[in-house]
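Below is one structure, written out as structure tokens; the observations come after it.
The values are calculated or read from the model by the stated rules, or taken from the named source; none is laboratory data. None of these values were measured; they are calculated from a predicted model. Glycine gets a Cβ as well: all are built from the backbone with ideal geometry, and neighbour counts include every protein chain shown. Protein only, heavy atoms only, side chains kept; ligands, DNA and RNA dropped before computing areas. Shrake-Rupley method; radii C 1.70, N 1.55, O 1.52, S 1.80 Å.
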Amino acid sequence: GPTVPKVTTNEKFLIDPALNGQIALIDGAFDIARLSKRVLISRYEGPKTLKKLKTSAQLFSGDEKIGCHQITVNSRNGNVIDVEITFPGKVSLDDGGDDKMGPRVDFASIERDGDQARLVFWEAKTYQNGELRAATKGYPEVCRQIEIYRKYLTDHRAAVEASYTGIAEDLVKIKAMGWKRSLSPLIEEIGTGKRRLSLGQEPKIGLLIFGFDAAQRDDQDWKLHLGRLRTAIPDIQLKGEAKRIVLGK
């Protein structure tokens, strides 16, 4: 029979967005038994269920999520191969600390690298995100995040390269099934073995900053913060509107 894809979604998106009833608090406890019968979307029943899932997802979509979506659907960003990436495990840094949840980065894209291809990762932040700024002369929190990603990719280079080569191969197979969406020629060449995919001599992790106007861009305090960012992160893209960001070469 036909191959059935394995699908998962974050559990928070299964909360029915149509909930509007009241739950009693009895002797210090909420009536969860009654709530559980109505709170979850338990079965997928086509377009009607999909509409509910999309509505639930919108409840968690702040400016950063919306901007990342605009980048993803931009037709000029066909080289994006993955989004909202969570790497398994944790990373121990040279300062003795560990990351708390395991590395999570926003985008993976493909760039031409001579006759080969390079896998590049990107962290995305809105201009207002406090992680771009440091209260003292130290580095902003985002610099530590980038360090975590770089350490993870260095330690797991072979596994990451093999995994994303496999993703490209799978995308080529999906295209052969009649997928209507166009596939980046670069990804297709990786999937068919015409190009080798690697992280390059060292992992490249860039930073995308969006959601600002000209006055915010030219603010002197912001320029100080940006200078600190550039000392630790060579690849930074700044665009007032996320939809103007283009990834890949």
**OP:** Select from the stretch 127-148 the residues that are in a loop (DSSP other than H, G, I, E, B) and of a type in the set (A, V, I, L, M) and write down the one among them that is modelled with the lowest pLDDT.
**Re:** Ala135
Subject >> Filter result (surrounded by 19 or more Cβ atoms within 10 Å (Cβ to Cβ) and more than 16 Å from the chain's Cα centre (by Cα)) within the stretch 119-142 >> reply: Leu132, Pro140
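Here is a yes/no grid of residues against (1) in a strand (DSSP E or B); (2) free of Cβ contacts under 8 Å to residues at least 60 places away in the same chain; (3) touching a Cys at 6+ places or on another chain (Cβ under 8 Å); (4) over 26 Å from Asp82 (Cα atoms):
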residue	(1), (2), (3), (4)
Leu208	yes, no, no, no
Gln216	no, no, no, yes
Leu224	no, yes, no, yes
Leu229	no, no, yes, no
Pro234	no, yes, no, no
Lys243	no, no, no, no
Val246	no, no, no, no
Original post:
Among Ser182, Ser198, Ser163, which is loosely packed, with under 12 Cβ neighbours inside 10 Å and either of a type in the set (Ser, Thr, Tyr) or under 19 Å from Pro140 (Cα atoms) (or both)?
Top reply: Ser182
Original post:
Going through the stretch 166-179 one residue at a time, which ones are loosely packed, with under 12 Cβ neighbours inside 10 Å and not in a helix (DSSP H, G or I)?
Top reply: Met177, Gly178
Original post:
What residue, among those in the stretch 160-199 that are small (Gly, Ala, Ser) and modelled with pLDDT under 95, is farthest from Ile110 (Cα to Cα)?
Top reply: Gly178
**OP:** Report yes if some residue within the stretch 103-110 is at pLDDT below 90 and either touching a helix residue (DSSP H, G or I) at 6+ places or on another chain (Cβ under 9 Å) or open to solvent by 30 Å² or more (accessible area, probe 1.4 Å) (or both); otherwise report no.
**Re:** yes
Original post:
Just a yes or no: is a residue in the stretch 193-204 more than 22 Å from the chain's Cα centre (by Cα) and in contact (Cβ under 8 Å) with a residue 40 or more places away in the chain?
Top reply: yes
**OP:** State which residue is farthest from Lys223 (Cα to Cα) when the search covers only the stretch 143-159 and only residues that are among the hydrophobic types (A, V, I, L, M, F, W, C) and surrounded by 13 or more Cβ atoms within 10 Å (Cβ to Cβ).
**Re:** Leu153
Subject >> Where Leu207 falls short, out of the listed (1) under 23 Å from the mean Cα position of the chain (by Cα); (2) open to solvent by 20 Å² or more (accessible area, probe 1.4 Å); (3) of a type in the set (A, V, I, L, M) >> reply: (2)
**OP:** Could you grab me the full set of residues in the stretch 147-173 that are more than 13 Å from Thr192 (Cβ to Cβ) and of a type in the set (Lys, Arg)?
**Re:** Arg150, Lys151, Arg157
Original post:
Which helices (runs of 4 or more DSSP H) does the stretch 1-74 wholly contain that include 3 or more residues that are touching a Pro at 6+ places or on another chain (Cβ under 8 Å) and either of a type outside the set (Asp, Glu) or at pLDDT below 85 (or both)?
Top reply: 47-58
Subject >> Tally of residues being open to solvent by less than 30 Å² (accessible area, probe 1.4 Å) and either at pLDDT 95 or above or in contact with a helix residue (DSSP H, G or I) (Cβ under 6 Å, 6 or more places away or on another chain) (or both) across the stretch 230-249 >> reply: 6
